[in-house]
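Contents: one structure, followed by commentary.
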Amino acid sequence: MLLCFNAVVLLSSSQPQATASILTAQEATIGEAKLQSHIPALAQPAFVESVSPATQPPSSVKPAQDTNLVIKLRERRVYVYRSDRVQTSFPIAVGKAGWETPTGTFRVMQMLQNPAWEHPWTGQVIPPGPNNPLGIRWIGFWTDGKNMIGFHGTPNEQLIGRAVSHGCVRMRNRDIQALYELVSLGTPVIVER
């Protein structure tokens, strides 16, 4: 289950919980809203090693093996490093008070193009398109075993640079598209204050 936008993430045992899900574009167009990504019951954050072919980056993309991402929450930026040198950086929006983006070292565990989004409380599925809260790309890097946090686009690009999400890292759609081309499954993601 994916957690972003109007959803919330369980970062400590004292916080309320809601869940959301994402669907691939193909699944969103099928009458049944069968979820593409179910993550089992709550557990410690973990690297999910198995992914379906639908979550694989395009075969034409060949990110460098020595690429890693560093999110600097205070700066509200993500830096793309290659061989310990900054290649580029992008402005981001991060988790708001009470729903902070988790810090630590993680790995890219899921990549989706044009994801659909399921509202965590109403179950309404928002298909890919200009009003989708996830924008045009999803790069998941954290899970508590039930919910996921990751990078995604947004139709509300004016909020980039603020602490407004429920843990996810929002980016302008053109920036998440560029980032998507620079990473692959397993790319390290370091989140610092």
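The values are calculated or read from the model by the stated rules, or taken from the named source; none is laboratory data. Note that the structure is predicted; figures quoted are calculated from it, not measured. In this analysis, Cβ positions are derived from the backbone assuming ideal geometry, glycine residues included, and neighbour counts consider all displayed protein chains. Protein only, heavy atoms only, side chains kept; ligands, DNA and RNA dropped before computing areas. Shrake-Rupley method; radii C 1.70, N 1.55, O 1.52, S 1.80 Å.
A few comments on the model shown:
- For a modelled paramagnetic label at D66, 7 Å from Cα along Cα-to-Cβ, the residues of the range 77-93 in reach, with backbone nitrogen under 11 Å, are 82-85.
- Nonlocal amide H pairs with A163, under 5 Å, H built at 1.01 Å: V94
- Placed amide H near R77: partners under 5 Å, 5+ positions off or other chain: K72, I92
- With θ taken as phi - 60° and the Karplus curve 6.51 cos²θ - 1.76 cosθ + 1.60 applied, the whole-hertz 3J(HN,Hα) list for the range 123-133 is x, 5, 9, 9, x, x, x, x, 9, 6, x Hz, x standing for glycine and proline.
- Karplus-based coupling profile of the range 178-191, in residue order and whole Hz: 5, 4, 4, 6, 9, 10, 8, 4, x, 4, x, 10, 9, 10, with θ = phi - 60° in 6.51 cos²θ - 1.76 cosθ + 1.60 and x standing for Gly or Pro.
- Total formal charge among the other residues, if their Cβ is under 12 angstrom from that of I92, Lys/Arg +1 and Asp/Glu -1: +4
- Heavy-atom accessible surface of R193, to the nearest 10 Å², is about 150 Å², with a 1.4 Å probe and all protein chains retained.
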